[in-house]
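The values are calculated or read from the model by the stated rules, or taken from the named source; none is laboratory data. Only a predicted model underlies this, so the values are computations on that prediction, with no experimental measurement involved. Virtual Cβ from ideal backbone geometry, glycine too; neighbours counted across all protein chains shown.
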Amino acid sequence: MSIRRRLTQEESRTAAMEAARALLIEAGPQAVTLKAVAARIGRTHANLLHHFGSASGLQKALASHLAKTICATIAEAVLATRAGIGSPRRVVDLTFDAFGKEGGGALASWMLLSGNEDALDPIVEAIHDMVDKVNGHDEEPMHEVTLSLVLMALGDAMMGEALSGSLGLGRETARDQAEKMLIEAAERAGITLAKG
């Protein structure tokens with residue numbers, strides 16, 4: 001008979017977030033349920049219910065976790081680009097991957113369709129905090145570029161492959177356009193970025 005080590009509340013939440021993220025990437029947002037996450041980490045449904053209150057609470061916590069983690073990585077990439085050791089393309093790729101490969105776009109859509117009205121709050125807050133962190137210049141251009149980049153990445157995650165294919169464009173076209181937009185916005189703001 002094996003004895004399970006009792007996890008702290010923080011360790012249990014972290015394990016649940018890692019399992020939820022894996023389920024999101026592997027099987028989509030509909031797979032992120034209390035039961036599935038509990039099974040993956042060897043805990044009970046009741047244990048996760050205690051931590052998150054409901055499946056929508058779990059999904060909101062996952063959205064917050066993803067947004068904070070991904071925005072921290074994007075902020076580092078932005079600062080590295082400004083320092084001449086990163087590239088605008090890295091910022092674009094991280095943003096597009098957050099909504100595509102990492103499942104952020106699917107999760108946000110699923111939560112909205114499920115009636116979770118405040119579903120986007122953690123994502124919007126994390127993006128706003130990231131912009132404030134990296135913003136050393138005029139806010140308006142940075143806000144406009146952030147809005148455009150996020151909407152492009154979200155749209156690409158939802159229908160980019162089908163739309164680019166139907167228009168006879170390469171799959172990287174939206175990312176190429178986003179990179180061009182970032183470079184042009186930086187030039188207008190007097191910010192020198194590393195390229196490539």
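Here the stretch 77-106 is the region considered, the condition is being modelled with pLDDT of 90 or more and of a type in the set (Val, Ile, Thr), and the residue that is nearest to Leu62 (Cα to Cα) is Thr95.
Number of residues in the stretch 77-113 that are touching an Asp or Glu at 6+ places or on another chain (Cβ under 7 Å) and either over 22 Å from His65 (Cβ atoms) or outside the structural domain of Val150 (by TED's automatic domain parsing) (or both): the value is 3. Those helices (runs of 4 or more DSSP H) of the stretch 1-104 in which 2 or more residues are under 30 Å from Met159 (Cβ atoms) and of a type in the set (Asp, Glu) occupy 9-27, 88-99.
Of the residues Leu107, Leu112, the single one that is surrounded by fewer than 20 Cβ atoms within 10 Å (Cβ to Cβ) and among the aliphatic types (A, V, I, L, M) is Leu112. Within the stretch 89-103, restricting attention to residues that are closer than 15 Å to Ala22 by Cα and of a type in the set (A, V, I, L, M, F, W, C), the residue that is surrounded by the fewest Cβ atoms within 10 Å (Cβ to Cβ) is Ala98. Of the residues making up the stretch 67-88, those that are closer than 16 Å to Lys180 by Cα and surrounded by fewer than 20 Cβ atoms within 10 Å (Cβ to Cβ) are Arg82, Gly86, Ser87. Residues in the stretch 41-59 that are crowded, with 22+ Cβ neighbours inside 10 Å and either without any contact (Cβ under 8 Å) to a residue 24 or more places away in the chain or closer than 21 Å to Phe99 by Cα (or both): Leu58, Gln59. Kindly indicate whether Asp132 is closer than 21 Å to Lys60 by Cα and not in a loop (DSSP other than H, G, I, E, B). Judged against the criteria, Asp132 is not a match.
Annotation: Ala38 fulfils all but one of (1) at pLDDT below 90; (2) assigned by TED's automatic domain parsing to the domain that holds Ala16; (3) crowded, with 18+ Cβ neighbours inside 10 Å; the unmet one is (1). Answer yes or no as to whether Met142 is surrounded by 15 or more Cβ atoms within 10 Å (Cβ to Cβ) and modelled with pLDDT under 85. So Met142 passes the test. Against the test of being on the phi < 0 side of the Ramachandran plot, modelled with pLDDT of 90 or more and part of a helix (DSSP H, G or I), the options Leu151, Leu182, Leu169, Leu147 yield a single qualifying residue, Leu151.
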